[in-house]
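Peer 1: Sharing a structure, written as structure tokens. Questions coming.
The values are calculated or read from the model by the stated rules, or taken from the named source; none is laboratory data. If you're wondering where the values come from, they're calculated on a predicted model, not measured in any experiment. Positions of Cβ are generated from backbone atoms using ideal geometry, with glycine treated the same way; all protein chains shown enter the neighbour counts. Remember, those area values only see protein heavy atoms, side chains included, never the ligands or the DNA or RNA. Shrake-Rupley method; radii C 1.70, N 1.55, O 1.52, S 1.80 Å.
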Amino acid sequence: MGKFLLMLVFAFTIFSCGTDTDAGEFVVGSDYLALSNKVVMVDTVTVEMSTINFDSLVTSGQSRILIGNYDDPIFGKVKSNAYFQLSGSSYALNNSGSDTEAVNFVFDSISMILKYDNYYYGDTTQVQKFDIHRLTQKVKPNTDDDSFYNNSTLTYSDESLGTISYKPRPIEKDSINIRMDDAFGEALFQKIKKREITDFDNFKEYLKGLVLVPSTSSSSSMIGFSSSTSKVRLYYSKYQADTEADSFYIDFLMSNAATQFNSISSDKTGTLIQNLPVSTQRLSSTLTNKQGFIQSGTGVACRIDFPNIKQLKSISSNGAIVDAQLFIKPINNSYSDKYPLADSLKVYVGDNLNRISGSLQNAAGSAVYGILNKKTDEFNENLGYTIPLGNFLQKEMLKASDSRSALILTLPGISKSVNRIVLGDQKHPDNKIQIKVYYISY
């Protein structure tokens, strides 16, 4: 054991680079066997890439109203409808309770105020348009876990209660204001004035909820609004003889995050991933132009397999993987100011059916991420994500069973954004995966 610890101290001062083959299986060559009690660096381990699609993602409880649609040049048509239930800050007009006094209150207007949360994706220089519709179905999940998903939908009326066409300014401005239908506002006001609505139960029976639906013809971006600070505001006034009218309002809030969700869909027709299989299967990068794909919101993820990792045990009768680095590169011209690269990748461990068992962890039990190297060079050779995976590969190499785990890559904010990325596989001509495995024999 003391000899092993001593070697670890000098592990990265002595190494050899494997050059046998990069055509598939890792082959143990004589150069490796000649190094006794040393660390070798192997860069010919086979790495397989594929694209998978999660069955669904929980989008309720994310505190973000995500609204918009756009035509992605790689991922197809992407769209998000935002559903929510409202609750009143009050269900009474500002009076002393006198019916005589209530006669003097009149409806003025009703508006939806949406507060930007600074998230945006796509082309915000183009006009975005969306409409507000009234739900005809209760905001109640049809599952046993009380959650709504990216593929959840609720029925709504065809009639628009309000529409807006605007150029998004998610960084420069605080909010947008959508004037809503006066007849809708007047009817709600009268229900409160006549005390037909006095509490939340009365209110949600009358108004089940609302949905924001983007125009399919004019929108070219996705915009995020804060559900915790957005609201519908009903304005009314009190008139008295020979005095100026007093103005009041009632706010209807989206305060219950569990009943606000985004229905995020995509039409992949005509894309390289239009034939994505069911969630338990995978689409090999050999069928997608040597590329793997990730998109938040729609559940597209990239899977990485190491089918021959156990062959490393052939280097010596006693040995261990002391470190490993996977370097994954985004495809040239697949990213831009409209579709920026994320600063990191989230890395999970999955089984042969793409079921996630947990986050990738290092030997200390801390979660491991893929970190973007932003250092620029003439040919973008240094641009990519580094994932340390020595602890993972060591466990895979020592497994007694034939079962194998894989890495599943996603982007941060998978349930409340639509960011995406395209990655090159081990055979890609320009943006090839690189792997370095450091193995010590003792």
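Peer 1: Which residues in the stretch 172-216 have a backbone N closer than 14 Å to a point placed 7 Å from the Cα of ALA92 along the Cα-to-Cβ line?
Peer 2: 192-200
Peer 1: Can I ask one more? What does the charge count around VAL47 come to, taking other residues whose C-beta lies under 9 Å from its C-beta (Lys +1, Arg +1, Asp -1, Glu -1)?
Peer 2: -3
Peer 1: For the stretch 302-398, what is the convex hull volume of the alpha-carbon atoms per residue, in Å³?
Peer 2: 140
Peer 1: Just the number, please: carbon plus sulfur as a percent of the accessible area of the chain, 1.4 Å probe, no ligands or DNA/RNA counted.
Peer 2: Carbon and sulfur atoms account for 47 percent of the accessible area of the chain.
Peer 1: Sticking with this one: Count the net charge of all other residues whose Cβ sits under 13 Å from the Cβ of ARG233, scoring Lys and Arg as +1 and Asp and Glu as -1.
Peer 2: On the way: positive: LYS115, ARG179, LYS231; negative: ASP108, ASP251.
Local charge sum for ARG233: +1.
Peer 1: What accessible area, in Å² to the nearest ten, does a 1.4 Å probe give for ASP201?
Peer 2: 90
Peer 1: From the phi angles alone, apply the Karplus equation (6.51, -1.76, 1.60; θ = phi - 60°) to the stretch 103-113 and give each ³J(HN,Hα) in whole Hz, x where the residue is Gly or Pro.
Peer 2: With the stated coefficients, the stretch 103-113 comes to 4, 7, 8, 10, 6, 10, 6, 9, 9, 9, 10 Hz.
Peer 1: Under 26 Å Cα-Cα from LYS173, which lysines qualify once same-chain neighbours fewer than 8 residues away are excluded?
Peer 2: Partners found: LYS79, LYS115, LYS129, LYS231, LYS338, LYS416.
Peer 1: For LYS374, go through the aspartates and glutamates and keep the ones whose alpha-carbon is under 14 Å away, minus same-chain ones fewer than eight residues off.
Peer 2: Partners within reach: ASP343.
Peer 1: Ratio of Rg to Rh for the stretch 103-188, alpha carbon only, Kirkwood?
Peer 2: Computed over Cα atoms, the ratio is 1.04.
Peer 1: Rank ASP305, ASP323 by accessible area, highest first, at a 1.4 Å probe radius? Could the numbers behind the result be given before it?
Peer 2: Details: ASP305 5, ASP323 40 Å².
So, going from the largest accessible area down, we get ASP323, ASP305.
Peer 1: Please express the Cα-Cα pair-distance distribution P(r) of the stretch 48-121 as a list of whole percents, one per 10 Å bin, running from 0 to the bin with the greatest distance.
Peer 2: Histogram of Cα-Cα distances, whole percents per bin: 11, 28, 24, 16, 12, 6, 2, 1.
Peer 1: So if R0 is 51 Å, what FRET efficiency would LYS399 and SER56 give, r being the distance between their Cβ atoms, rounded to the nearest 0.05?
Peer 2: The formula returns an efficiency of 0.95 here.
Peer 1: Using only Cα atoms, figure out Rg for the chain and give it as a multiple of 2.2 N^0.38 Å.
Peer 2: 1.27
Peer 1: Could you give the accessible area per residue of the chain, probe 1.4 Å, as a whole number in Å²?
Peer 2: On a per-residue basis, 46 Å².
Peer 1: What would the Debye formula give as log10 I(q)/I(0) at q = 0.11 Å⁻¹ for the alpha-carbon point model of the stretch 87-243, no solvent?
Peer 2: -0.55
Peer 1: Using all alpha carbons of the stretch 224-312, what is the percent of pairwise distances in each 10 Å bin, ordered from the shortest bin to the longest?
Peer 2: Going out from 0 Å in 10 Å bins, the stretch 224-312 shows 11, 24, 17, 17, 12, 9, 6, 3, 1, 0 percent.
Peer 1: Pop the C-beta distance of LEU353 and ASP181 into the FRET formula with R0 = 45 Å and round what comes out to the nearest 0.05.
Peer 2: Taking R0 as 45 Å, the efficiency between LEU353 and ASP181 is 0.40.
Peer 1: Using a/c under 1.5 as the rounded threshold, could you call the stretch 345-442 rounded, prolate or oblate? The axes a ≥ b ≥ c are square roots of the C-alpha gyration tensor eigenvalues, and prolate needs a/b larger than b/c, oblate otherwise.
Peer 2: oblate
Peer 1: Another one. Pull up the cross-link candidates among the aspartates and glutamates for LYS238, meaning alpha carbon to alpha carbon under 20 Å and not fewer than 8 places away within one chain.
Peer 2: Hits, sequence-local ones excluded: ASP99, GLU101, ASP108, ASP182, GLU186, GLU196, ASP246, ASP251.
Peer 1: Distance between the C-alpha centers of the stretch 35-92 and the stretch 168-211? Whole Å please.
Peer 2: Result: 31 Å between the Cα centres.
Peer 1: To the nearest 10 square angstrom, what accessible area does SER230 show with a 1.4 Å probe?
Peer 2: SER230 exposes around 0 Å² with every protein chain in place.
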